[in-house]
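Encoded as structure tokens, the structure appears first; notes follow it.
The values are calculated or read from the model by the stated rules, or taken from the named source; none is laboratory data. Predicted model only: the values in this text are computed from it and were never measured. We place every Cβ from the backbone using ideal geometry, glycine too, and count neighbours over all the protein chains shown. These accessible areas exclude ligands, DNA and RNA; they are computed on the full protein's heavy atoms, side chains included. Shrake-Rupley method; radii C 1.70, N 1.55, O 1.52, S 1.80 Å.
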Amino acid sequence: MTDFIKYVEDEYRDYRSYSELAKMEKNGGRKTVLEKLAEMEYQHYRFWNQYVDSYKPKTSTFFIRLLVVARIFLGLTFTIKLLERHEMETIKSYREFASSLHGEEKERVENIILEELEHEKTLMAQIDEAVVRHLGFVALGLADAIIEITGVHAGFLGVTSSTIIAGIAGLVVGFAAAISMASAAYLQAKHGGSEKPAESAVVTGGAYLLTVTALAIPYFIIADMLLAFAFSVGLAVITMAVFTAYGAVISEKAFLKEFVISITLILGTALATFLFGDFLGTVFGIKHYRFF
């Protein structure tokens with residue numbers, strides 16, 4: 001009985017969620033998809049409800065409001081993917097229940113499983129959202145900027161004790177790299193058949209430049225080189241964590257694995273460039289020299 005109540009509550013919650021998202025959706029195509037998803041979940045809810053004597057579930061108003069906030073600030077695709085993250089566990093439970101059934105009832109549960117696995121994904125694939133189209137280019141710009149500029153700052157940690165010099169160096173290198181990355185994204189999108197290569201270039205370059213600027217800020221407000229570097233790296237880790245979490249939900253990947261790989265690259269690059277910068281500073285006799 002407890003499992004059936006959970007099934008009813010899950011399906012009713014999803015029905016209410018898709019219904020609310022459909023109400024606030026302005027795009028006609030996306031609105032239709034959301035309405036279809038809501039209807040599908042409602043039918044699932046009605047099926048499971050027959051096992052619990054017409055149990056009347058309730059969905060938290062707070063949960064719905066949180067969902068609306070996620071939709072506004074994080075996008076529709078992210079919100080739906082987040083909503084469906086419990087899906088595989090639910091389907092596993094449905095399959096276990098279906099194995100004990102026979103005939104028409106078993107067929108109905110198997111159809112529900114099929115709808116959860118395939119039909120919903122087919123409908124979700126029809127949701128065309130700019131943030132998803134450009135996610136790969138944003139990831140390219142952001143990840144490359146974090147790794148490259150953290151490396152630049154780490155290199156200057158071994159060369160000079162001037163935070164201003166390190167900050168300016170990061171901005172100059174970052175600006176040049178942003179143009180290079182934007183150009184590469186433009187060519188990649190153009191050769192890939194994209195109708196908006198310029199848009200891809202702007203997104204990639206913009207993500208790169210914003211990241212570079214954010215990572216350079218500590219060097220202009222903190223006089224101690226090591227402390228400024230620590231703040232900049234901390235900001236890089238937080239930025240990477242947030243974006244990795246977002247990307248993991250969108251692409252349905254494991255967050256921890258992706259995050260560990262990213263942090264390993266950031267810290268590995270920082271260590272390598274610090275050692276190289278320290279070597280150059282020693283060779284040319286400018287180690288820890290304050291230019292002004």
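So here's what we get for this one:
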item	result
Solvent-accessible area, 1.4 Å probe, carbon plus sulfur percent, for segment 143-268	76 percent
Under 5 Å, built H, 5+ apart or other chain: amide partners of THR160	HIS288
At R0 = 22 Å, FRET efficiency that the Cβ-Cβ distance of LEU210 and ILE72 yields, to 0.05	0.60
Percent accessible area from carbon and sulfur atoms, segment 36-99, protein chains only, probe 1.4 Å	56 percent
Helical segments meeting 27 Å axial Cα length and Kyte-Doolittle 0.0 threshold in the chain (DSSP H)	135-157, 163-191, 197-221, 225-251, 255-283
For the chain, accessible area per residue (1.4 Å probe, heavy atoms of protein chains only), Å²	54 Å²
Inter-label distance for ILE64 and GLN43, nm, one decimal - labels placed 7 Å from Cα along Cα-to-Cβ	2.4 nm
Magnitude of the charge dipole, segment 44-107, Cβ model with Lys/Arg +1 and Asp/Glu -1, debye to 20	420 debye
LEU117 versus LEU82: modelled label distance in nm, points set 7 Å from Cα along the beta carbon direction	2.8 nm
Exposure of SER100 as accessible area (Å², to 10), given a probe of 1.4 Å and all protein chains	70 Å²
ASP14, ASP53, ASP224, reordered so the largest accessible area comes first (probe 1.4 Å)	ASP53, ASP224, ASP14
Linear extension gain, ILE221 paired with VAL283, 0.36 nm per residue minus alpha-carbon span	19.4 nm
Cβ-derived FRET efficiency at R0 51 Å, LYS36 paired with ALA230, nearest 0.05	0.50
GNM result for the chain, Cα springs below 10 Å: residue of GLU115, GLU87, GLU96 fluctuating most strongly	GLU96
Solvent exposure, largest accessible area first (probe 1.4 Å, DNA, RNA and ligands not counted), of ILE221, ILE261, ILE164, ILE64	ILE221, ILE261, ILE164, ILE64
